[in-house]
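Step one of this worksheet: look at the structure below.
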Amino acid sequence: MTFADGRAGIDAALVRRLILAQFPRWAGLPVAPVEVDGWDNRTYRLGDDMTVRLPTAPGYVPAVAKENTWLPRLAPHLPVAVPPVLAAGEPGEGYPFPWSVRGWLPGETALRAPITDRARFARSVAGFVRALQRCDTAGGPAAGDHSWHRGSPPVFYDDETRHCLRLLEGRIDTARAAEVWGAALVMEHRGDPVWFHGDIAAGNLLVADGELAAVLDFGTSGVGDPACDLVIAWTMFTGPDREVFRAAVDQDAGTWVRARGWALWKAMLILVGALDKDDRAGAAEQERMISEILADHDREWVR
């Protein structure tokens, strides 16, 4: 396998060689993989206060320069921390992609950490979304390939969504799901383009002392339609917490229509994968989420 195949070849030894060659002032610091890692990038601790972040494949490379450029500009305007960029690495030591050194942010992701007050947490996430939307968009990267089309109209994933609908016939209410998806396609974003994160999910929300402390991974960020940033309403929040988030994030009805489309596409895609792997628990979770998305759509049209 090669680096282009995915995660192959990225290990602590490579990180040590890259640091020694390009940032020798940090060469004596210990290097260790983080406890919870992502797929798009491999991340390693560098000493106590830094991390090294390396893309795993060519499709994730555009995010490096984007984050290096825009995170320092966005950070002063956001209510919680985002990863501080300390250095930009270049291809070397057999590794073909640019990479970066970041400051370490303490805490645990919302997937694992206890949250003191879920309603307050929902308001904090909504406050982050709103603050990000208020950031100056001048010169910002318009939604497209670099954001995996987050921030673009959801029609980009129409073929994939309709394929999932065919595969899930008899497993979910595909007629209602098709209605939700169709509504998302025709409900155009008519507002000004704004900054969006693109992957606001529990794994990218850092919690410290029970509160939202930081937001990670801006690799899918850009300027466009913010509907994709509302998907967390179903992936993390339920019942009263979802309603708190909905009220606090204060988006128009059309944005919520598109958000349900984004959430449905992702939930069906994950459900198909879970069924292929005979992951019953994972499938049940996605089916629950799809049911709630459809129910929310039904309630919206009654209003």
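Read-outs throughout are calculated quantities, based only on the coordinates presented, and are distinct from any laboratory measurement. Bear in mind that the values here come from a model prediction, so they are computed numbers and not experimental data. As a convention, Cβ positions derive from the backbone with ideal geometry for all residues, glycine included, and neighbour counts pool all protein chains shown.
Kirkwood radius, region 71-178, all distinct C-alpha pairs, inverse of mean reciprocal distance: 18.4 Å.
Between W99 and G89, E90, the built amide H atoms are under 5 Å apart, and every one of these is 5 or more places off in sequence or on another chain.
Enclosing the Cα atoms of the chain in their convex hull gives a volume equal to 136 cubic angstrom per residue. Largest first and in whole Å, the equivalent-ellipsoid semi-axes of region 23-80 read 21, 17, 12, each the square root of five times a Cα gyration tensor eigenvalue. For the chain, adding -39500 (n - 2.57) for each run of n ≥ 4 DSSP H residues and dividing by the number of residues yields -13500 deg cm²/dmol at 222 nm. Each peptide in 227-238, 14-25 receives the mean, over its residues, of other Cβ atoms within 10 Å, and ordering these scores from highest gives 227-238, 14-25. Placing a label point 7 Å from the Cα of E108 along the Cα-to-Cβ direction, no residue of region 19-51 has a backbone N closer than 11 Å.
By the Stokes-Einstein formula, at 0.890 mPa s and 25 °C, region 3-103 with its Kirkwood radius over alpha-carbon pairs has D equal to 177 µm²/s. Note the angle between two axes, namely the Cα long axis of helix 158-167 and the longest principal axis of the Cα atoms of the chain, as a number of degrees from 0 to 90, rounded to the nearest 10. Taking the Cα atoms of the chain, the angle to 158-167 is about 70 degrees.
Once the Cα atoms of helix 12-22 and of the chain are each reduced to a long axis, what angle between those two axes, in degrees from 0 to 90 to the nearest 10, is obtained? Roughly 60 degrees, rounded to the nearest 10. Region 224-303 and region 82-155 have their alpha-carbon centroids 20 Å apart. Each peptide in 59-71, 106-118 gets a packing score, the mean of other Cβ atoms within 10 Å over its residues, and the list from highest to lowest is 59-71, 106-118. Relative to the longest principal axis of the Cα atoms of the chain, helix 239-249 runs at roughly 70 degrees.
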